[in-house]
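The structure appears below as structure tokens.
The values are calculated or read from the model by the stated rules, or taken from the named source; none is laboratory data. For clarity, every value in this text was computed on a predicted model and none was experimentally measured. So basically every Cβ, Gly included, is an ideal-geometry build from the backbone, and we count neighbours across all protein chains shown.
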Amino acid sequence: MNRTEALAALTASGENYELETVETVRGSVRVFQHAPPTLRELFASTATDRPFLVYDDERMTFAETYAAAARVAHLLVHEYRVAPGDRVAISMRNYPEWILAFMAATSIGAVAVGMNALWQPEEMEYGLVDSGAKVLFADAERLDRLGQCSPDLGIEVLSVRMAGATLDARLATVGACEMPEVLVAPDDPATIFYTSGSTGHPKGVVSTQRNVISALLSWELDTFAAAKVAGKPETADRVARTEQKVQDAALLAVPLFHVTGSHAVFLSSYRAQRKLVCMYKWDPDHAAELIERERVNSFIAPPAMTGDLVRIAATSSHDLGSLRVVGGGGAPRAPEQVRQIDASFEKVAPNTGWGMTETNAIGAGISGLDYVDHPSSSGRCSAVLDLRVVDDDGAALPVGERGELQVRGASVFAGYWNRPDVDAEMFVDGWFRTGDVAYLDDEGYLFIVDRLKDLIIRGGENIGCGQVEAALLMHPHVHEAAVYAVPDERLGEEVGATIHADDGLDRDELRAFLGRHLARFEVPRYITMSAEPLPRIASGKIFKRHLRDEAVAGLTVR
């Protein structure tokens, strides 16, 4: 049985993954007929006594997590008057409270705003003001930054992991309770995640309940289709998984404010009844300890982190034999690393895919021997999406020809928050313009080869070159700036900049200045100083490609 036949069998009438066509704001899309209609239903229907959250020595079952989320939801509804459609911002490390806040907000029809925890005060203030958040859940480090924002933001704050008036203290006044009765519909907005564009501030990506649910079931479908192709017995029934003696476990090392962490690792754990082992931040040695202790069998992360794990496998005394899946997400993986994963872990099936915040992390996927045989590919299209490659005039290109990749379907977001002007530019007859240059081969495999957008992808973080250039130009001694991607073996790309500045400007002083306006990962690692104005092309734009090539040719950290 090939993949097309497997998908047809699994999505046929009466099957668990049966597809139907519905009308949405983006036109006709294929959706899963038997899917939970909302995240609220997903959480309620999976509240079992199996272990779920693990953070340090703290442990909670699915039922305990749901009960705790219901108490948080009660607090939001009855004390903070959060109504359907209100925005609830979450800004913290991967604490269990992130998950409780997310479950509570989306279960009462509010919109969970997953804020980048690495943002500095200026960016944090922008996100809070732009989203119009009514309540903010934040940890100590984020509250320190909030203290550097404007004092008149008018937002209620619930602090976590802090002494004093914390979320725990507020919940102490709330006894056991049911999830508040609120009507939530599939096409209601559920999440806002911010994504960097090529210019200006990050844009809020608004996804509906149905968008998110469609992504989760799409991963399930791909997993069981791959099992059919491999001739393995079907394990698609959730009850059968629940009765397994050995529980699956995933390591959550990717920040939850990224759709890889929130969707591919966290949210996909509910129906799979998978234990979720949370890390405060990435540390390869600690990850190896957790994999051994908790018998983790799934690790999904950007190439920089999976590459670290490959190196740890070669040197660590920890037993990593429980691993079965080492997946990719957030950035392209070098073909050599695919082979290293296959060689380093006896029972691991490497996998990866292409997706975006705007597609709720799905798009195309590939795993196992298929991936080893096609290490440069992002895989084949999800069953609930359509992909096409078009030329500059928007005409579809034949197999093998490069052009802009466009996508449409059930998991594609509803639109950018308060940016109908951008929506009008980015959507064409229901197709979303990704900004990626790609081609499809005659077997339907997707290959991403370049980007149209002026973006850097550093270890899974999207960095808009325009935003970094704007920060550089705020410095009184910088007159011109060009920011570009520099290849990096571990992170994929690093931030490079060439600037025309006054003599004597110190790079470290400049980086310190930038650190007050940008997240740490956005500050250029490579800075080239030019005593002369930067070269320009005929249109008057800075000749960025030439500057990048010059910088890469003489690569040093300066």
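Select from region 310-346 the residues that are at pLDDT 85 or above and among the charged types (D, E, K, R) and list them in ascending order.
If the condition is that a residue be at pLDDT 85 or above and among the charged types (D, E, K, R), then 311, 319, 324 are the ones that fit.
Sort through 143, 100, 128 and tell me the only one that's free of Cβ contacts under 8 Å to residues at least 60 places away in the same chain and under 24 Å from residue 42 (Cα atoms).
100
Restricting attention to region 470-489, and to residues there that are assigned to a helix (DSSP H, G or I) and touching a helix residue (DSSP H, G or I) at 6+ places or on another chain (Cβ under 8 Å), which single residue is nearest to residue 553 (Cα to Cα)?
Initial filter on region 470-489 (assigned to a helix (DSSP H, G or I)): 470-473.
Still in the list and also touching a helix residue (DSSP H, G or I) at 6+ places or on another chain (Cβ under 8 Å): 471-472.
Numbers: 471: 25, 472: 23 Å.
Among them, the one singled out is 472.
I'd like the residue in region 319-341 that is farther than 25 Å from residue 293 by Cβ and of a type outside the set (A, V, I, L, M, F, W, C) and, out of all such residues, is surrounded by the fewest Cβ atoms within 10 Å (Cβ to Cβ).
Within region 319-341, the first condition is being farther than 25 Å from residue 293 by Cβ, and the residues that meet it are 330-339.
From what is left, the residues that are of a type outside the set (A, V, I, L, M, F, W, C) are 330, 332-333, 335-337, 339.
Working: 330: 29, 332: 17, 333: 25, 335: 14, 336: 11, 337: 21, 339: 13.
Out of the qualifying residues, it is 336.
Regarding residue 511, is this residue basic (Lys, Arg), under 28 Å from the mean Cα position of the chain (by Cα), assigned to a loop (DSSP other than H, G, I, E, B) and surrounded by fewer than 20 Cβ atoms within 10 Å (Cβ to Cβ)?
On the way: basic (Lys, Arg): yes; under 28 Å from the mean Cα position of the chain (by Cα): yes; assigned to a loop (DSSP other than H, G, I, E, B): no; surrounded by fewer than 20 Cβ atoms within 10 Å (Cβ to Cβ): yes.
Taking the combined requirement at face value, the residue does not satisfy it.
Could you grab me the full set of residues in region 338-391 that are hydroxyl-bearing (Ser, Thr, Tyr) and either in contact with a Gly (Cβ under 9 Å, 6 or more places away or on another chain) or touching a residue at least 40 places away in the same chain (Cβ under 8 Å) (or both)? Write out each step before concluding.
Filtering region 338-391 for residues hydroxyl-bearing (Ser, Thr, Tyr) gives 344, 352, 357, 359, 367, 371, 376-378, 382.
Passing the criteria: 352, 357, 359, 367, 371, 376, 377, 378, 382.
Report, by residue number, each residue of region 307-359 that is out of contact with any helix residue (DSSP H, G or I) (no Cβ under 9 Å at 6 or more places or on another chain) and part of a strand (DSSP E or B).
Across region 307-359, the qualifying residues are 325, 354.
Counting just the residues of region 101-159 that are surrounded by fewer than 17 Cβ atoms within 10 Å (Cβ to Cβ) and either hydroxyl-bearing (Ser, Thr, Tyr) or assigned by TED's automatic domain parsing to the domain that holds residue 461 (or both), which one comes out nearest to the chain's Cα centre (by Cα)?
126
So is residue 436 farther than 27 Å from residue 209 by Cβ and not in a loop (DSSP other than H, G, I, E, B) or not? Step through it out loud before you land on a result.
Numbers: farther than 27 Å from residue 209 by Cβ: no; not in a loop (DSSP other than H, G, I, E, B): yes.
Considered against the rule, which asks whether it is farther than 27 Å from residue 209 by Cβ and not in a loop (DSSP other than H, G, I, E, B), residue 436 comes out as no.
Would you pick out the residues in region 514-537 that are of a type in the set (A, V, I, L, M, F, W, C) and at pLDDT 90 or above? Talk me through it step by step, then tell me what you get.
Of all residues in region 514-537, those of a type in the set (A, V, I, L, M, F, W, C) come to 514, 518-519, 521, 523, 527, 529, 531, 534, 537.
514, 518, 519, 521, 523, 527, 529 - these are the residues of region 514-537 that are of a type in the set (A, V, I, L, M, F, W, C) and at pLDDT 90 or above.
Could you please find all residues in region 421-464 being among the β-branched types (Val, Ile, Thr) and over 26 Å from residue 496 (Cα atoms)? Spell out how you get there, then give the answer.
Kept after step one, since they are among the β-branched types (Val, Ile, Thr), are these residues of region 421-464: 422, 428, 434, 437, 448-449, 456-457, 463.
Passing the criteria: 422, 428.
May I ask you to list the residues in region 312-340 that are over 19 Å from residue 286 (Cα atoms) and of a type in the set (A, V, I, L, M, F, W, C)?
331, 334, 338
Among the helices (runs of 4 or more DSSP H) contained in region 1-95, which hold 1 or more residues that are at pLDDT below 95? Explain how you work it out, then say what you get.
Values: elements: 3-10, 39-45, 62-78.
Because the criterion is at least 1 residues that are at pLDDT below 95, the helices (runs of 4 or more DSSP H) in region 1-95 that meet it are 3-10.
Would you point out the residue of region 404-429, among those that are at pLDDT 95 or above and at positive phi, that is nearest to the chain's Cα centre (by Cα)?
So the residue we want is 415.
Looking at the structure I just gave you, is residue 87 buried (at least 23 other Cβ atoms within 10 Å of the Cβ), among the basic types (Lys, Arg) and more than 18 Å from the chain's Cα centre (by Cα)? Write out each step before concluding.
Details: buried (at least 23 other Cβ atoms within 10 Å of the Cβ): yes; among the basic types (Lys, Arg): yes; more than 18 Å from the chain's Cα centre (by Cα): yes.
Answer is yes for this residue.
Quick check: is even one residue across region 39-60 touching an Asp or Glu at 6+ places or on another chain (Cβ under 8 Å), surrounded by 15 or more Cβ atoms within 10 Å (Cβ to Cβ), under 25 Å from residue 256 (Cα atoms) and not assigned by TED's automatic domain parsing to the domain that holds residue 159?
So far as region 39-60 goes, yes, one or more of its residues are touching an Asp or Glu at 6+ places or on another chain (Cβ under 8 Å), surrounded by 15 or more Cβ atoms within 10 Å (Cβ to Cβ), under 25 Å from residue 256 (Cα atoms) and not assigned by TED's automatic domain parsing to the domain that holds residue 159.
Can you tell me which condition residue 466 does not meet? The list is (1) modelled with pLDDT under 90; (2) among the small types (Gly, Ala, Ser); (3) exposed (fewer than 13 other Cβ atoms within 10 Å of the Cβ), and all the others hold.
(3)
Out of 73, 68, 6, report the one residue that is more than 21 Å from residue 210 (Cβ to Cβ), surrounded by 19 or more Cβ atoms within 10 Å (Cβ to Cβ) and assigned by TED's automatic domain parsing to the domain that holds residue 179.
Numbers: 73 fails: more than 21 Å from residue 210 (Cβ to Cβ); 6 fails: assigned by TED's automatic domain parsing to the domain that holds residue 179.
Just one listed residue meets the conditions, 68.
Give region 440-468 a look and list any residue that's part of a strand (DSSP E or B), in contact with a Cys (Cβ under 8 Å, 6 or more places away or on another chain) and not β-branched (Val, Ile, Thr), or say none. Give the steps one after another, and end with the answer.
Residues of region 440-468 part of a strand (DSSP E or B): 440, 446-451, 455-458, 461-464.
From the residues that got through so far, the ones that are in contact with a Cys (Cβ under 8 Å, 6 or more places away or on another chain) too are 446, 455-456.
Correct list: 446, 455.
Here are the criteria: (1) within 19 Å of residue 118 (Cβ to Cβ); (2) surrounded by fewer than 24 Cβ atoms within 10 Å (Cβ to Cβ); (3) touching a helix residue (DSSP H, G or I) at 6+ places or on another chain (Cβ under 7 Å). Tell me which single one residue 304 does not satisfy.
Unmet for residue 304, out of (1) within 19 Å of residue 118 (Cβ to Cβ); (2) surrounded by fewer than 24 Cβ atoms within 10 Å (Cβ to Cβ); (3) touching a helix residue (DSSP H, G or I) at 6+ places or on another chain (Cβ under 7 Å): (3).
Of the residues 402, 419, only one is closer than 16 Å to residue 206 by Cα, surrounded by fewer than 22 Cβ atoms within 10 Å (Cβ to Cβ) and of a type in the set (D, E, K, R); which? Walk me through how you get there before you give the answer.
Details: 402 fails: closer than 16 Å to residue 206 by Cα.
Testing whether each residue is closer than 16 Å to residue 206 by Cα, surrounded by fewer than 22 Cβ atoms within 10 Å (Cβ to Cβ) and of a type in the set (D, E, K, R) leaves just 419.
Quick test for you: out of 111, 160, pick the one residue that is in contact with a Ser or Thr (Cβ under 9 Å, 6 or more places away or on another chain) and farther than 30 Å from residue 57 by Cα.
On the way: 160 fails: farther than 30 Å from residue 57 by Cα.
None of the other options fit; the residue is 111.
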